[in-house]
Amino acid sequence: MVVYTLLLSISFLFFGIILILVGATRWRRLAGLGRRVILTGGGTGGHVNPALAIAEGIKNREQETQFLYVGVRGKAETVIVGKAGYPLRYVSSEGFPGLRPSLRTLRFVVRLGFGVLQSIWILFRFAPQWIVATGGYVSAPIIVATIILKTLRIAPTRIFLHEQNSVPGQLNAVLGKWVDKVLLTFPQTLSFFPRNGVVVGYPIRTSIVPRPREIALKNLPFTVSNGRQVVFAFGGSQGARTINRALVDALPHLIPHRDRLFIVHGMGLASSEGYNAVADTEGRLQRMITPEQRNLLDEFYYRQDYFHNIADVYSISDLVVCRSGAGSLNEISRLGIPALLIPKANLPGDHQVMNARAMKCGGAAELLFEDTILENGVVLEKLEGRLLADRILRLLGDRERLHRMAQRSTQFLRKQAVERILSELYEDHSFDNGIGYHAEPFKPLLSNNRLLQLLSRAYQRSPEQYDPVVVVGDAADVVYYRHRAAGLLSHKMWQDRNLGVKLIGYTRYHEKIPTLLHMLSDRTPAGRIQRFFGGDFAEVGFIRRNIVAALQVLNQIDPDIEASLLKAFEDPYFEVRAQVCRAVVHFGPLLVKRDQWFEAMKNGINDRCFEVVVEAAKAMGEIGDDARAAGELLNLKEHHFWQVRDAALKGLGRLVDRDIIIPSPSLLSHINSFILTATDFRPHFSIKETYRCLQNSCNQKLGAGREELDPRSFSEHLARKR
Amino acid sequence: MIYEICNWLISVSDSFSFFRLVNYITFRAILAALTAVIFVFLFSRPFILFMHRRSLLDQVRETGVHSAFEKTGTPTMGGVLIIGGVLSSMILWGNWKNPFLLSSLAGMLWFGGLGFWDDLSKIRKRSGDLGISEKTKLALQGLFALVFAGFCAGPLTPLGDGLATKLFVPFYKYPIGDMGPLLYGLFVFLFLIFVSNAVNITDGLDGLAITPSLFVVGVLGVFAYVEGNRIYSAYLYYPYLRNAGELTIFGAAFVGAGLAFLWYNAYPAQIFMGDTGSLAIGGTMAVASVLLKQEMLFPLLGGLFIAEAVSSQIQDKIGVKWLGRRIFYRAPLHHNLQHMGIAETKVVIRLWVLAGILALVSLATLKLR
């Protein structure tokens, strides 16, 4: 049996080697005959179209080039590639599920492994000279297979990977290190591929070109009278729910300006159970727009599910409202249209936000962020219609700005990307790619935890001068962080909601205060097992405590907030009550002379948790406005906990400072009767303090020396030399 | 070593007969304790100086307690001194062929070595939170526990036939049942891991871990003396464990080393025992109580350690991670007391008092059965 297995495996090995040798020889022979290129990449049109654009370019230069497209069955490439007339082969692959090991990881490994075997077979059959990959998991198997064959020195193939987004996808980021060249769309991405990255731009198919307005209008099913500004709103080929709904909501606000506007709406082709773009939009139109308004709509509003001749619509548009996928941005930039971008939030690596930021930095676009909300138990992205209408009107009103944005838009992305790419493929420097071009340093967005750390430290350093915009350094980023934090509030895990609450506080997202107050008073019970172990509500104790703390950071008080704080003071969890007392200290002057607060703090002083008593006593010192407060505090003179007695003395001190009570012999005798023995003390290590003094004075002298002594001696030195 | 030499001399000539003294456990116990004391006293100051010079110092850890900050920069890994004291004393005074002694020493060294690695990696990474990973630590503790459980329940057991898996409880003379080797193995496994980590958690304030563990090991030493003595064990209705008396000597050396360590570790500490010390002490206590069939006495005898570990686990795993609220003000127990406004020294002494009372109650179980 053993001998049999051994023989079998040896013969397999032998035949394998022979096959490989034959394959490699055939490969080299075929390579000499003519150009053979494998195109790969897909999943969405955004990955397929650039590959086809590059193929068009190669074909224009070398007519007899043979192409083979490798994709995954049932994805966008199935339709588009077939129409373009390239032969198509399928491999198996799957999206990268993340690093955490799970069943999906196993499936990913199995599928990818099988895909790599299929790819090796395809590679041997087709024997390509170039692999042009446009990313997405679809191109992973063929790239991995080629890298393997290259390392074994079997395949004389060069791999080119085109990255469309400003943040590379996970698979691209890994595979990009091994391929011959990474062709980039955004200069900011160079920092991810310092060794083999080249900025070329985004290849666009030849059909997208600007046309004169009259010709474009002739091709379109609607007419626009001269003098009207055209706004084209769409959410990609599939449509975007946020944009569709927000646009419908915005229409009533736009009606007053109908004589100078024309809105073109591409609703999108999506028709899955989750979202049917056309049905949803029509339904919303019925609900949101009154019949009278609807008659007015026809004057300035045209909608269609999908525009096959999108270049014509672009050509007549003065402003585009859309998502910030790489494809859309590049089309806009090629035609030089100003854009109002609504990036899709919560994507891996936030790449739509990054793309949009890049375009905004180039001065070619404005940003609006969608909000994540919980509506009837469903998590939804939402954008206020009024907000969208305002932004559109403001942009259209400022023609000079629009013109400037249009100019910047044409300059934003590298033109002639196909030529640039061909120059890299043929290595003939037929196009100057701007060698020596230095990318501006890429400033990535912070993760939620990093952001929290940064902001909370800044707040603790100086609460009075705290401003999140100064700390983050960019107002638009803060806006995005706010939206991201708000998105966390609708997560299922309490840890995420807790993080969201903290971030809303530290980013000072005042508009979310009502949500926070609602969460604070939410009394949905926790699960039965949790309650058995001491849990109470679905919005757990930490969340409620942090909401109160966040309200303090938000530094805003109105009757609603005050009422919620008062209610929160009856919370079953002691930390919430203690935090309310701290908030009372913070808002102190604004809460003086309110009987309900005095009563609340009086109850706090009798609380069963000493932490609450301590904070309540301090708060009493801030809001007390007559002798009753002093009486309450003096009652604490024999309290068991020294911290409580300490806090009572502090409170009395504040009352004296604020001239609520006037020092008198009787007051002094009351204070004298406080029990002053304590079970705690602060150790005081003399040697450590001496050391710190010495260190400080050394540092000061050192600092002074650097600023004053060094330059002078240096200039003297120079003068003497002359 | 001295034990072997003396016995050899006795066998050679009658004129060395006064060396028979070494066959008395009490005599060797006292000398072992003194040896350990002298060892720790001799080496502590050079060791502390050495740690300062190589800057092998304790790293900041986020505990949320004020005094923790003032303490960074104290040398750590003082457990090396305790282990060194016990080991040198045992080399001199121990009976090297005694299985009780050998397995206790093995436990001490294994857990001590594990803690040493943890301490070193914390210092290397300049953070008190980044030692070796929780999983690696548990796996290595579990590995020893598995081998030890197999040793106890298997054919090599130093206890009598079938005695190992019997279950004894305090205040009751007879075994209440037989757990069977599998269940017993699992029990020993969990017991070892739990106890060693409990001491690790307790070791949070100056002198807090060392003194209660001296009480525990001292009481276990007394139990070892009784159980290893045919007459006393018969009188007090304990199973007679041949050779178990050697653990008295081990315990005495441990108490000696610990006392001397306390000299330097008392508030404000000049050196911390680190994970090296706390894991070694935990491992030793766990192994010794299993060998003496006092596993069920430990929750009473080492009640302080249990309270610390349980409070810390409840707060962290049930409260903070799952329910999203604090169950105690702070955890473990000693931080809670500090938070309630009791100074570190006072917390430590109060917990010593509690541990002492628990030790006395446990001693009472010798007769009250």
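The values are calculated or read from the model by the stated rules, or taken from the named source; none is laboratory data. If you're wondering where the values come from, they're calculated on a predicted model, not measured in any experiment. Because the Cβ atoms are built from the backbone with ideal geometry, glycine has one as well, and the counts that use them run over all protein chains shown.
Scan the stretch A:1-58 for residues that are of a type in the set (Lys, Arg) and touching a helix residue (DSSP H, G or I) at 6+ places or on another chain (Cβ under 6 Å) and report the count. Qualifying residue count, the stretch A:1-58: 0. One residue stands out among those in the stretch B:310-337 that are crowded, with 21+ Cβ neighbours inside 10 Å and within 25 Å of the chain's Cα centre (by Cα): the one that is farthest from the other protein chains (Cβ to nearest Cβ), which is B:Pro332.
Test A:Thr242 against the criterion of being closer than 22 Å to A:Ala339 by Cα and not assigned by TED's automatic domain parsing to the domain that holds A:Asn330, and give yes or no. So A:Thr242 fails the test. Residue under question is B:Tyr238, and the condition is that it be of a type in the set (Ser, Thr, Tyr), crowded, with 21+ Cβ neighbours inside 10 Å and not in a helix (DSSP H, G or I); does it hold? It is true that B:Tyr238 is of a type in the set (Ser, Thr, Tyr), crowded, with 21+ Cβ neighbours inside 10 Å and not in a helix (DSSP H, G or I).
When the stretch B:86-106 is limited to residues that are over 14 Å from the mean Cα position of the chain (by Cα) and small (Gly, Ala, Ser), the one that is surrounded by the fewest Cβ atoms within 10 Å (Cβ to Cβ) turns out to be B:Ser88. Among the conditions (1) farther than 26 Å from A:His351 by Cα; (2) out of contact with any Pro (no Cβ under 6 Å at 6 or more places or on another chain); (3) not β-branched (Val, Ile, Thr), the only one that A:Ser315 does not satisfy is (2).
Only a single item in (1) within 14 Å of chain B (Cβ to nearest Cβ); (2) in contact with a Gly (Cβ under 8 Å, 6 or more places away or on another chain) is not met by A:Leu499, and it is number (2). Within the stretch B:301-308, can one find any residue that is of a type in the set (Val, Ile, Thr), surrounded by fewer than 19 Cβ atoms within 10 Å (Cβ to Cβ) and within 14 Å of chain A (Cβ to nearest Cβ)? No. The stretch A:610-722 holds helices (runs of 4 or more DSSP H) entirely within its bounds, and those carrying 1 or more residues that are at pLDDT below 90 and under 46 Å from the mean Cα position of the chain (by Cα) map to A:686-704, A:710-721.
I'd like to verify a number: residues in the stretch A:271-309 that are in contact (Cβ under 8 Å) with a residue 12 or more places away in the chain and among the acidic types (Asp, Glu), how many? Let's see the steps before the verdict.
We begin by selecting, within the stretch A:271-309, every residue in contact (Cβ under 8 Å) with a residue 12 or more places away in the chain; these are A:275, A:277-278, A:280-281, A:284-285, A:288-289, A:293, A:296-297, A:299-307, A:309.
Right, trim to among the acidic types (Asp, Glu) and you get A:280, A:299, A:305.
Within the stretch A:271-309, residues that are in contact (Cβ under 8 Å) with a residue 12 or more places away in the chain and among the acidic types (Asp, Glu) number 3.
Here A:Leu30 qualifies as in contact with a Phe, Trp or Tyr (Cβ under 9 Å, 6 or more places away or on another chain), surrounded by 12 or more Cβ atoms within 10 Å (Cβ to Cβ) and in a helix (DSSP H, G or I).
Among the residues of the stretch A:58-67, which ones are surrounded by fewer than 20 Cβ atoms within 10 Å (Cβ to Cβ) and in contact (Cβ under 8 Å) with a residue 12 or more places away in the chain?
Our first condition is that a residue be surrounded by fewer than 20 Cβ atoms within 10 Å (Cβ to Cβ); within the stretch A:58-67, this holds for A:59-66.
The answer is A:Arg61, A:Glu62, A:Glu64, A:Thr65, A:Gln66.
Only residues that are touching a His at 6+ places or on another chain (Cβ under 7 Å) and surrounded by 19 or more Cβ atoms within 10 Å (Cβ to Cβ): list them for the stretch A:552-589, please. Selection gives A:Gln552, A:Leu554. Show me the helices (runs of 4 or more DSSP H) entirely contained within the stretch A:516-601 in which 2 or more residues are more than 14 Å from chain B (Cβ to nearest Cβ) and aliphatic (A, V, I, L, M). Once the helices (runs of 4 or more DSSP H) in the stretch A:516-601 are filtered for at least 2 residues that are more than 14 Å from chain B (Cβ to nearest Cβ) and aliphatic (A, V, I, L, M), what remains is A:541-554, A:559-568, A:574-586, A:588-591.
Does the stretch A:226-245 contain any residue that is exposed (fewer than 15 other Cβ atoms within 10 Å of the Cβ) and either free of Cβ contacts under 8 Å to residues at least 24 places away in the same chain or more than 30 Å from A:Arg386 (Cβ to Cβ) (or both)? Yes, that holds for at least one residue.
Suppose we filter A:Pro194, A:Pro168 for residues that are buried (at least 19 other Cβ atoms within 10 Å of the Cβ) and either part of a loop (DSSP other than H, G, I, E, B) or outside the structural domain of A:Ala356 (by TED's automatic domain parsing) (or both); which single one remains?
On the way: A:Pro194 fails: buried (at least 19 other Cβ atoms within 10 Å of the Cβ).
Testing whether each residue is buried (at least 19 other Cβ atoms within 10 Å of the Cβ) and either part of a loop (DSSP other than H, G, I, E, B) or outside the structural domain of A:Ala356 (by TED's automatic domain parsing) (or both) leaves just A:Pro168.
On the basis of being assigned by TED's automatic domain parsing to the domain that holds A:Arg399, over 24 Å from A:Ala345 (Cβ atoms), among the small types (Gly, Ala, Ser) and assigned to a loop (DSSP other than H, G, I, E, B), does A:Ser225 make the cut? For A:Ser225, the condition - assigned by TED's automatic domain parsing to the domain that holds A:Arg399, over 24 Å from A:Ala345 (Cβ atoms), among the small types (Gly, Ala, Ser) and assigned to a loop (DSSP other than H, G, I, E, B) - is met. Total residues in the stretch A:171-191 satisfying the condition of being surrounded by fewer than 24 Cβ atoms within 10 Å (Cβ to Cβ) and among the aliphatic types (A, V, I, L, M): the figure is 6.
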